[in-house]
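Written below as structure tokens is the structure these notes are about.
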Amino acid sequence: MVILREGICPGVNEEFIKALQSEDIKTVEDFVSCNPEELAQKCSLSYKALVAVRRVLLAQYTAFPVSGADLYEELLSSTAILSTGNPSLDKLLDSGLYTGEITELAGSPGSGKTQVCFSVAVNISHQLKQTVFYIDTKGGMCANRLLQMLQSKTPNMEEQMEALQKIKVLRVFDVFSLLACLQNLRSNGLQKASVGGGSVKALMVDSVSAVLSSMLGGKQNEGMSLLMQVAGELKMIAKDFNIAVLVTNHVTKDGNGHLKAGLGQSWSHGPRTRVLLQRIEGAGTSSLRTATLTKSSRQITGFEERNDLIMDK
Amino acid sequence: MHRTVPSLPLAPSVKVKLINAGFQVASDLIDMRPLQLCKEVGISQQEAVEVLQMLRDDGQPHQQRAATESLTALDLLHQEQALGSIVTFCSALDDALGGGLPVGKTTEICGAPGVGKTQLCMQLAVDVQIPVCFGGLGGKALYIDTEGSFLVQRVADMAEAAVQHCTLLAEDTEKKIQALEELTVEKILSNIFLVRCHDYVELLAEVYLLPDFLSEHPEVRLVVIDSIAFPFRHDFEDLSQRTRLLNGLAQQLIQLATQHSVAVVLTNQMTTRVSNGQSKLVPALGESWGHAATQRLILHWEGLRRLASLYKSPSQMEATIQYQITVQGFRDAPDEPRPTPATSAVSSPSGNHSKHPRMEDRS
């Protein structure tokens, strides 16, 4: 609902608005849904002026249908697949992270979610030479570890520094700052970053559940709204800027004692692909993990891969 | 401004009224006067003033910068190297942690009773004060005690041992000798701020007051909460509320750690989990609390040996090392022949060793 304001289009000035307000018409929606003839009779505005304004407003605010074929063409030309740097994880994700989509990693503490995010960031900044935005909500971002991973990929210091400069870190610790950050990225942050050379191809949020889980449940009525807003912002960023979004989530136990990703049913519609990471029982302090595909629009779920997540390789 | 109204940190009832009146974006609101807003939206004068105040604060340059300024990983690397870490005087543990407890992150120490969590915390409160020229941070410490297990006499013993250790290290450099003169047991004790919280409400209130405290005392480099489990494990009927409170607390603590460059250390207790007919000792406070701290260290017994396992860390590999508690404090275990596999196969979580730190293992 957009409020009618002077200057919203030529012909709408203060008197116009006052006259409309006396008829209880405050928003664009109210205005276009009433009959201009009747309106002209009720207030002292000319029919011609009303019709002209109506036409301009309709042109500005309507959504126009697009044909499926055009959409498909656009999809083919703009989607890119980013490799995660780990071949078995790529296999699980049907060759990698797709731009324009949200991919989610869920797992218990210590299962390796942050490490996978690091290795994806390092791969994209070093191999693909693109910029990555990393939103850290838990303090897990450790530049030393990124350097360690880069050092195992290339001994050249210049390349390492260049790759580190392509990873941009934002630290926010509550959901309102996260929303401010995402909205800012959407309006001008991402464009500014791509102007500096190297387009932004990936955005990571580690983790989404840390900021949202304290707002859900109990007598709080805002939690779900904030959750859907975060999901909406991430989707818009992914779609509008052709970016691959990777988020991490915690896990909870369902009725049968099996692990499932947190944040509930409403959040589960946000990510297109979901992977569950687990430690291997009884293996002590080994670095092996299993990754299971729990939701995918392209592959059969239940697919499991064993991974060595210490990415010195 | 490009903030949408639903994403603003305002009371839900006020937001609903704003949206119903047709305001979608923050920029719609910014030019309004309180009285105007009051009439159009139907909220009280007080609420209208609060809304506009919040928008004005949001538009302030330093707030905007916090949300929009991004550091590159390279800048972050330089920052991390400048921050340093707090040594524990147990070299095996320091190696496993990559130099010591990292400043700017939260570390959780879990363990059964008597294994040495409070000893480690007291050791850290002393170690953070070691002067910069000896490889320490030269900072102060804030110790929030919820269990009442802070013993000043023990800290004095540890402080004395630390001073002696530094004396041995000092070569004839001017700076070091000067620093050594200032490093006395009294000085060390006076640089530890002690707070005693009796229940979870006091603990939450204290954490709310911490940002102001840390701004007034910028030399504080360590905040210890010993223990965070104790106030939350008694008298809590609504477990989901407990989870929410703990998650909110964790976020506040990591925000403090990052913004004020302090190391936050939390101690946790252990609880028994029964699954498939077997019982296992796991850290208390639930599954979701495991995500709260950045690093997790689990202290446990294996026969008569005390072991520390790094269970979760963003930058270090998992490792298990042995340590001991001596008169001087938290130290490395002496080298001893490795036990045969048969005896060490099963760790005994129920090894009921009594809590007499000063009488065990005299080195």
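The values are calculated or read from the model by the stated rules, or taken from the named source; none is laboratory data. Model, not experiment: these values are computed from the prediction. Here Cβ is always computed from backbone atoms with ideal geometry, including for glycine, and neighbour counts include all displayed protein chains.
Here's the yes/no breakdown for (1) of a type outside the set (S, T, N, Q); (2) outside the structural domain of A:Gln115 (by the TED database); (3) within 30 Å of A:Ala261 (Cα to Cα):
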residue: A:Gly7; (1), (2), (3): yes, yes, no
residue: A:Asp30; (1), (2), (3): yes, yes, no
residue: A:Asn35; (1), (2), (3): no, yes, no
residue: A:Leu39; (1), (2), (3): yes, yes, no
residue: A:Ala49; (1), (2), (3): yes, yes, no
residue: A:Val53; (1), (2), (3): yes, yes, no
residue: A:Leu89; (1), (2), (3): yes, no, yes
residue: A:Glu101; (1), (2), (3): yes, no, yes
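Within segment B:189-203, how many residues are closer than 19 Å to B:Gly248 by Cα and in contact with a helix residue (DSSP H, G or I) (Cβ under 7 Å, 6 or more places away or on another chain)?
Applying the first criterion (closer than 19 Å to B:Gly248 by Cα) to segment B:189-203 yields B:197, B:199-203.
Retained after the next criterion (residues that are in contact with a helix residue (DSSP H, G or I) (Cβ under 7 Å, 6 or more places away or on another chain)): B:197, B:199-200, B:203.
So the count comes out to 4.
Residue-by-condition table, conditions (1) crowded, with 17+ Cβ neighbours inside 10 Å; (2) more than 11 Å from chain B (Cβ to nearest Cβ); (3) part of a helix (DSSP H, G or I):
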{"residue": "A:Val169", "(1), (2), (3)": "yes, no, no"}
{"residue": "A:Leu185", "(1), (2), (3)": "yes, no, yes"}
{"residue": "A:Asn188", "(1), (2), (3)": "no, no, yes"}
{"residue": "A:Ala210", "(1), (2), (3)": "yes, no, yes"}
{"residue": "A:Ser214", "(1), (2), (3)": "yes, no, no"}
{"residue": "A:Gln220", "(1), (2), (3)": "no, no, no"}
{"residue": "A:Val230", "(1), (2), (3)": "yes, no, yes"}
{"residue": "A:Leu234", "(1), (2), (3)": "yes, yes, yes"}
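Residue-level check: of (1) surrounded by 24 or more Cβ atoms within 10 Å (Cβ to Cβ); (2) at pLDDT below 90; (3) within 14 Å of another protein chain (Cβ to nearest Cβ), B:Thr243 misses just (1).
Step by step: first the residues of segment B:31-54, then only those that are outside any loop (DSSP other than H, G, I, E, B) and charged (D, E, K, R), then the one that is surrounded by the fewest Cβ atoms within 10 Å (Cβ to Cβ). Which residue is that?
Step one: of segment B:31-54, the residues outside any loop (DSSP other than H, G, I, E, B) are B:34-42, B:45-54.
Next cut, charged (D, E, K, R) only: B:39-40, B:47, B:50.
Numbers: B:Lys39: 11, B:Glu40: 17, B:Glu47: 20, B:Glu50: 16.
Here the residue is B:Lys39.
For beta carbons closer than 8 Å, sequence separation of 6+ or different chains, a first residue in segment A:253-282 that is within 14 Å of chain B (Cβ to nearest Cβ) and closer than 13 Å to A:Ser209 by Cβ and a second that is surrounded by fewer than 17 Cβ atoms within 10 Å (Cβ to Cβ) and not polar (S, T, N, Q), the qualifying pairs are A:Lys260/A:Lys253; A:Lys260/A:Asp254.
Residues checked against (1) part of a loop (DSSP other than H, G, I, E, B); (2) more than 28 Å from A:Ser209 (Cβ to Cβ); (3) among the charged types (D, E, K, R):
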residue: A:Ile124; (1), (2), (3): no, no, no
residue: A:Lys129; (1), (2), (3): yes, yes, yes
residue: A:Phe133; (1), (2), (3): no, no, no
residue: A:Gly140; (1), (2), (3): yes, no, no
residue: A:Leu146; (1), (2), (3): no, no, no
residue: A:Ser152; (1), (2), (3): no, yes, no
residue: A:Pro155; (1), (2), (3): yes, yes, no
residue: A:Gln160; (1), (2), (3): no, yes, no
residue: A:Leu164; (1), (2), (3): no, no, no
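Okay, residues lined up against (1) assigned by the TED database to the domain that holds B:Met122; (2) at pLDDT 90 or above; (3) outside any helix (DSSP H, G or I):
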residue: B:Leu222; (1), (2), (3): yes, yes, yes
residue: B:Phe236; (1), (2), (3): yes, no, yes
residue: B:Gln251; (1), (2), (3): yes, yes, no
residue: B:Lys280; (1), (2), (3): yes, no, yes
residue: B:Ile298; (1), (2), (3): yes, yes, yes
residue: B:Leu307; (1), (2), (3): yes, yes, yes
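Among the helices (runs of 4 or more DSSP H) confined to segment A:1-115, the ones with at least 3 residues that are within 14 Å of chain B (Cβ to nearest Cβ) are located at A:14-22, A:28-33.
Could you list all residues from segment B:113-136 that are aliphatic (A, V, I, L, M) and under 21 Å from B:Tyr323 (Cβ atoms)? Walk me through how you get there before you give the answer.
Restricting attention to segment B:113-136, the residues satisfying the condition of being aliphatic (A, V, I, L, M) are B:115, B:120, B:122, B:124-126, B:128, B:130, B:132.
Across segment B:113-136, the qualifying residues are B:Val115, B:Leu120, B:Met122, B:Leu124, B:Ala125, B:Val126, B:Val128, B:Ile130.
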